[in-house]
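Notes follow the structure.
Please treat every number below as a calculation from the coordinates, not as lab data. What you see is a predicted model; the values in this text were computed from it and never measured. Methodologically, a virtual Cβ is constructed for each residue, glycine included, from the backbone with ideal geometry; neighbour enumeration extends over all protein chains shown.
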Amino acid sequence: MTGNTLSIVHRMPHGAELRPGGVRFRFWAPDCARVAVELESRDAAGMAAALPMAALADGWHELTTGEAAAGSRYRFVLPDGLKVPDPASRFQPEDVHGPSEVIDARAYAWQHADWPGRPWTQAVVYELHVGAFTAEGTFLAAIRHFDHLVALGVTAIELMPVADFPGARNWGYDGVLPYAPDAVYGRPEDLKALVDAAHARGVMVILDVVYNHFGPDGNYLPLYAGRFFTERHETPWGAAINYDGPHSAPVRDFIIHNALYWVEEYNLDGLRLDAVHAIIDDGPRHLLDELAQRVREFRPRTHLLLENEENEAKWLARDAGGHPRHYTAQWNDDVHHVLHVAATGESAGYYADYLGDTQKLGRALAEGFAFQGQMMPFRGAPRGAPSGALPPPAFVAFIQNHDQIGNRAFGERLTRIATLEALRAVAAVYLLLPQVPMLFMGEEWGCTQPFPFFCDFTGALADAVRDGRREEFARFPEFRDEAMRERIPDPLAEETFASAVLHWRDLDLPQHAGWLDFYTRLLAIRRSAVVPILDGIRRGGRYQVLGDGVVTVRWPLRDGEELRLEANLSPRPAAPFIEVPGHILWEEGTPGGPWSVRWSIGP
């Protein structure tokens, strides 16, 4: 693979594209009769040149000019004189309100452009936030720790969203320019170098993308393309993106090309689509269907992941050969919830629907979804669909992620709220589960730092976010007292973000080195014993409840053997696990005792 210096560029119908002799600018502004491109001048006078664009059919405006080149900075000028960035900008060197920069995507020489990827069954995913992963918070700084991830057993890195957001710090879900890697993390070529470095080590890279809303600061689309949104549907963030109404074709194209752009131009191995339950599409063909087909037609090996509160098994269906028809896997919140309540005993909010319900524990471990059409009291409505016919790798299992940590008032990790024995037990369950495991950065060494919610808005928006965060928790009994709510970290404060930045020096401490060894040994067993059998597990397993918190799960294998899990995820002793023939992969605790786990393979 090394030595291949192929350059890669994704051709798209919008934005700035280098052409022979200049740059083609194309901009969809159906609410504007005329638009100009303003180029920042490089002469001593510092004057900007405004060049009129030709108005085309269906709201498009276009200009090809030799006055622009790679590195040129530009804005589109609306009829009222307002200057806006390119919604398809490849880079925003001065943040979301500044000029866009023409990028020559061919300038980066890929060293591993012919990287073949990895089968999904080999995936061990590691979710990270680029800004908090290192003290520098950049794409290039992250590369320093890739050898650590490889030694741990990680085979896929999942980046939280990097699309351009306002300010210097954000989780990434407030992005407004979905084609531009945020400049606070580095330039486009730096992100490409990160992907190249991962591929050099045999590690896949998956990017989290947000197609359900745009952030509240820096979204200029309503000013020149109001039909990009629709009042016919509502989302938690306001008016929905118009995927199914009149004039929705350019909107769908904008989003689908974004997915293709990341996969092609950045040579990514996959995408994780955020909160697809909020992508509302009542048209003849759902956006999720079209997007999956277009991406798979371009690169069949691409892994497409979902976050979907509705637990719709249809998007995870397999064909006769066992290959995904649409999406590769879904983040499995149900597995998180059953393991979290077992380890912590928490019952606030939706946790109350899982606490003490060993049937849901067994069902989530064996079949994926705990709710498969049953009424969910927290929602006041049925949730989910039958998922037992799906293979286990259709689900991504985890005990921590950015949401489940950061949506807590103080952003505490499990290491702060569960006992050592409970945490070891649930880790031993999910790391060897035939579902695909996902770690959250720092989890592998028992990181105790919080990962609180943080952002960098200003003015009235900052006040609204700060007040809204505290009001959100006012309905919980422990936060009914105003003084207690005042203790919740201010998401706008720089120190809140700083508290989330990983302390890599902690690896030198004995207690953290012990956790790292524990995780490394478990993932080595997964690699040697579990991964080779995953292709032979074509559907969910069978589970049996033996007591409160005590379950067995069996997954039949092709050769007549089975993968077996026996677990007592409670602080109370149970009957000893029954001795069965076969090979024991891992034992945690005294078999049948409190917080005990046994994995085995046998007849």
Those chymotrypsin sites (Phe, Trp or Tyr not before Pro) in the stretch 271-379 that DSSP places in a loop and that have at most 13 other beta carbons within 10 Å: PHE378
Percent RCO, i.e. relative contact order, over the stretch 1-130, from Cα pairs under 8 Å lying at least 6 residues apart: 29 percent
Radius 13 Å from Cβ of GLY137, net charge of other residues (Lys, Arg +1; Asp, Glu -1): -3
Top positive-direction residue, dipole computed over the stretch 15-107 with Cβ charges, set LEU18, HIS97, HIS61: LEU18
The chain, helix-only ellipticity at 222 nm - DSSP H runs n ≥ 4, -39,500 (n - 2.57), divided by all residues, nearest 500: -7000 deg cm²/dmol
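I want the local charge near ILE206. Using Cβ-Cβ distances under 14 Å, sum +1 for each Lys or Arg and -1 for each Asp or Glu among the other residues.
-2
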Cα pair distances in the stretch 135-251, grouped into 5 Å bins until the bin that holds the longest one, percent each: 2, 11, 18, 19, 15, 11, 10, 8, 5, 2, 0
Whole-Hz ³J(HN,Hα) from phi, Karplus 6.51 cos²θ - 1.76 cosθ + 1.60, for the stretch 259-270, glycine and proline x: 4, 5, 4, 5, 5, 7, 5, 10, 6, 6, 8, x
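Which whole-number value in Å³ per residue fits the convex hull of the alpha carbons of the stretch 15-107?
Convex hull volume per residue, Cα atoms: 102 Å³.
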Selected from GLY547, PRO576, SER596, residue furthest toward positive end of dipole (the stretch 537-602; charges at beta carbon): GLY547
Calculated from backbone phi, Karplus (6.51, -1.76, 1.60) coupling profile of the stretch 208-216 in Hz, x at Gly/Pro: 7, 10, 10, 10, 9, 6, 10, x, x
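If you place +1 on the Cβ of every Lys and Arg, -1 on the Cβ of every Asp and Glu, and leave all else neutral, what size is the dipole of the stretch 537-602 about its Cα centre, to the nearest 20 Debye? Numbers along the way, then the final one.
Values: 8 positive and 8 negative charges, 62 e Å.
Once rounded to the nearest 20, the dipole reads 300 debye.
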Candidates per trypsin sites (Lys or Arg not before Pro) in the stretch 326-400, loop by DSSP, up to 16 other Cβ within 10 Å: ARG379
Of every Cα-Cα pair in the stretch 537-602, the percent that sits beyond 16 Å: 43 percent
Pair-distance profile P(r), taking every C-alpha pair of the stretch 71-191, with 10 angstrom steps and integer %: 12, 36, 33, 14, 4, 1
Relative exposure of SER41, SER528, judged by other C-beta atoms within 10 Å (fewest first): SER528, SER41
Overall Cα dimensions of the stretch 287-369, principal axis frame, Å, largest first: 46, 24, 17
Span from the the stretch 331-376 Cα centroid across to the the stretch 148-201 one, whole angstrom: 31 Å
Estimated dipole of the chain in Debye, rounded to 20 [Cβ of Lys and Arg +1, of Asp and Glu -1, Cα centre]: 1440 debye
Using θ = phi - 60° and Karplus 6.51 cos²θ - 1.76 cosθ + 1.60, couplings along the stretch 541-556 (whole Hz; Gly, Pro as x): x, 10, 10, 9, 8, 9, x, 5, x, 10, 9, 10, 9, 10, 10, x
Selection from TYR126, ALA464, THR358 lying farthest towards where the dipole of the chain points positive, charges on Cβ: THR358
About the Cα centre, charge dipole magnitude for the stretch 410-481 (Lys/Arg +1, Asp/Glu -1 at Cβ), debye: 120 debye
SER72 long-range amide H proximity, modeled H, under 5 Å: VAL102
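Rounded to the nearest 5, what % of DSSP beta bridges with both residues in the chain are antiparallel?
Just about 70 percent of them are antiparallel.
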Extension reserve of the ASP114-GLU40 stretch, reckoned as 0.36 nm per residue once the Cα distance is removed: 22.9 nm
Surface/4 of the Cα convex hull for the chain, nm²: 28.4 nm²
Rg to Rh, two decimals, where the stretch 469-603 supplies the alpha carbon set and Rh follows Kirkwood: 1.14
